[in-house]
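These notes concern the structure reproduced below.
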Amino acid sequence: MAVRPIVIFGDPVLREVSEKVEKFDTELKNLVSDLVDTLKEAKGLGLAAIQIGVTKRVFIVDLSAVDINEKLRVFINPEIIETTEELEYEEGCLSFPGIYQKITRPGKVKVKAFDTDGNEFVMDATDLAARAILHEYDHLEGKLFIDLMSTLTKTMLKGRLKKLRTAS
Ligand code: NI
């Protein structure tokens, strides 16, 4: 459909809690299609609807660039059922261009969600897939990866975050 502008840190919409999808209609399919186009253009691993300014509980994760066995996955109205393990790994976010930091997150997740046709599925993910799912899920709750950084890291990034905030 279309590549949409990505909302950058500083825009208050990123702190909003997204609303549940009620209708699995053409509008939803168009939204997912825009997310796919936008993520591909940005060469990212995941994108939530709120990052293109749409406060709906929808995100996509595409690890095919880093894992040949992976494909693009769509998560609508996702619920995190279980998380285990804690792993530290470098993480970025398309709403924070140029910022990459080590973040501790669960290394395993069980997630329940719906696809664009309204079919429910349950998925177990590990490592990078688990990380990507949990990162995108946080966006639906208005949470950002800087919330998981230590005070020291945030102090270090203060100048760069301020620059993003004032540019947006
Ligand atoms: Ni993000």
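The values are calculated or read from the model by the stated rules, or taken from the named source; none is laboratory data. This is a predicted model, so every value here is computed, not measured. Virtual Cβ from ideal backbone geometry, glycine too; neighbours counted across all protein chains shown.
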*asked:* Being farther than 17 Å from TYR100 by Cα, in a loop (DSSP other than H, G, I, E, B) and either among the charged types (D, E, K, R) or within 11 Å of the ligand (Cβ to nearest atom) (or both) is the filter here; which residues of the range 112-150 pass it?
replied: ASP115, ASP117, GLU141
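Filter the range 86-97 down to the residues that are touching a helix residue (DSSP H, G or I) at 6+ places or on another chain (Cβ under 7 Å) and of a type outside the set (Ser, Thr, Tyr), then identify the one that is nearest to the ligand (Cβ to nearest atom). Please lay out each step first, then the result.
Taking the range 86-97 as the starting set, the residues that turn out to be touching a helix residue (DSSP H, G or I) at 6+ places or on another chain (Cβ under 7 Å) are 89, 91, 93-96.
Adding the requirement that they be of a type outside the set (Ser, Thr, Tyr) leaves 91, 93-94, 96.
Values: GLU91: 8, CYS93: 3, LEU94: 6, PHE96: 7 Å.
Checking each candidate, the answer is CYS93.
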*Can we say ASN77 is more than 14 Å from the ligand (Cβ to nearest atom), of a type outside the set (A, V, I, L, M), farther than 30 Å from LYS163 by Cα and touching a Phe, Trp or Tyr at 6+ places or on another chain (Cβ under 8 Å)?*
yes
*Of the conditions (1) more than 13 Å from the chain's Cα centre (by Cα); (2) β-branched (Val, Ile, Thr); (3) outside any loop (DSSP other than H, G, I, E, B), VAL21 fails just one. Which one is it?*
(3)
*Please list, ordered by first then second residue, the pairs with beta carbon atoms under 8 Å, 6 or more apart or interchain, first in the range 134-145 and without any contact (Cβ under 8 Å) to a residue 12 or more places away in the chain, second within 8 Å of the ligand (Cβ to nearest atom) and part of a helix (DSSP H, G or I).*
ASP138/PHE145
*Can you give me the number of residues within the range 37-57 that are away from the ligand (no atom under 14 Å from the Cβ) and either assigned to a helix (DSSP H, G or I) or of a type in the set (A, V, I, L, M, F, W, C) (or both)?*
4
_Conditions (1) more than 16 Å from the ligand (Cβ to nearest atom); (2) within 25 Å of VAL7 (Cβ to Cβ); (3) polar (S, T, N, Q); number of the one not met by ASN69_ = (2)
*Select, from THR84, THR116, the only residue that is within 28 Å of VAL3 (Cα to Cα), over 16 Å from the mean Cα position of the chain (by Cα) and modelled with pLDDT of 95 or more.*
THR116
